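The structure that follows is given in the form of structure tokens.
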Amino acid sequence: MGAGFLLGFSLILAIGAQNAFILRQGLKGEYVLPLVLTCAISDALLIAAGVAGFGALVLAFPLVVSLAKWGGAAFLLVYGTLSFRSALRANDALETSGKTATSIWAAVSTCLLLTWANPHVYLDTVVLLGGISAQYELQWAFGSGAIVSSFVFFFSLGYGAKLLRPLFTSARAWRVLDLIVGLVMWTIAAKLIFG
């Protein structure tokens with residue numbers, strides 16, 4: 001279980017589109033619980049599929065990965081553009097009035113797109129973790145460790161973001177974050193397209 005936890009944690013630790021979105025929502029305090037649950041449950045399903053042997057199925061049908069690649073790249077380019085636009089226009093600091101900018105359905109839908117339209121999620125969780133789990137006598141223990149790491153990571157990121165809230169009372173800090181998020185999104189999109 002420990003090996004699965006460490007490998008799973010290392011795979012999701014790198015800042016990506018999904019993590020940047022959860023960080024932003026955690027800073028705003030908007031829909032944190034449904035979003036971290038969406039990410040962690042999605043990862044759990046994908047890891048379970050990999051451990052059950054579906055990694056070979058994904059490799060057998062590369063069209064699935066190709067569709068996720070192009071759809072994910074298009075979505076990330078649009079999301080990155082919106083982040084850049086927000087960085088250029090934003091004059092507001094973190095609002096603590098409890099008012100939310102989007103609906104829970106819009107936030108969860110964005111989270112689902114960032115998760116399921118990312119081809120790397122299939123390669124990392126289904127193919128890589130699934131393949132490595134085959135080397136262990138107790139494959140489900142390895143997979144369970146990876147699933148636990150996902151829950152620990154997303155809950156820590158979503159709820160730990162509140163520790164950074166004092167920094168984000170400045171409009172400038174939000175602009176910098178939006179620029180970083182935009183760059184992350186466009187970089188990942190470019191890697192999908194050209195990599």
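At a 1.4 Å probe, what is the % contribution of carbon and sulfur to the accessible area of the chain?
Exposed carbon and sulfur together represent 71 percent of the surface.
I'd like to compare 126-138, 41-53, 167-179: which one has the highest average count of other Cβ atoms within 10 Å, and what's the full order after that?
So the order, starting with the most tightly packed, is 41-53, 126-138, 167-179.
Same structure again: Of the labelled options (i) 38, 37, 36; (ii) 54, 33, 25; (iii) 51, 42, 31, which one gives Cα extents along the principal axes in Å as computed for this structure?
Label of the calculated value: (ii).
Using θ = phi - 60° and the Karplus curve 6.51 cos²θ - 1.76 cosθ + 1.60, what whole-Hz ³J(HN,Hα) does each residue of the range 124-134 get, with Gly and Pro shown as x?
With coefficients 6.51, -1.76 and 1.60, one gets 6, 7, 7, 6, 5, 5, x, x, 5, 4, 5 Hz.
Along Cα→Cβ, 7 Å out, is where each label goes; now give me the distance between the ones at Lys191 and Trp140 in nm to one decimal.
Here the answer is 3.3 nm between the modelled labels.
Would you calculate a helix-derived [θ] at 222 nm for the chain, using -39,500 (n - 2.57) for each DSSP H run of n ≥ 4 and dividing by the full residue count, to the nearest 500?
Taken over the chain, the calculation gives -24500 deg cm²/dmol.
Could you pull out every whole DSSP H run in the chain that spans at least 20 Å of Cα extent along its own axis and averages 1.0 or higher on the Kyte-Doolittle scale?
Qualifying helices, which must be both long enough and hydrophobic enough, are 32-51, 139-160, 171-194.
The values are calculated or read from the model by the stated rules, or taken from the named source; none is laboratory data. Given the structure is predicted, the values throughout are model-derived calculations rather than measurements. Note: ideal-geometry Cβ built from the backbone for every residue, glycine included; neighbour counts use all protein chains shown. Just the protein is used for accessible areas: all its heavy atoms, side chains included, with ligands, DNA and RNA removed. Shrake-Rupley method; radii C 1.70, N 1.55, O 1.52, S 1.80 Å.
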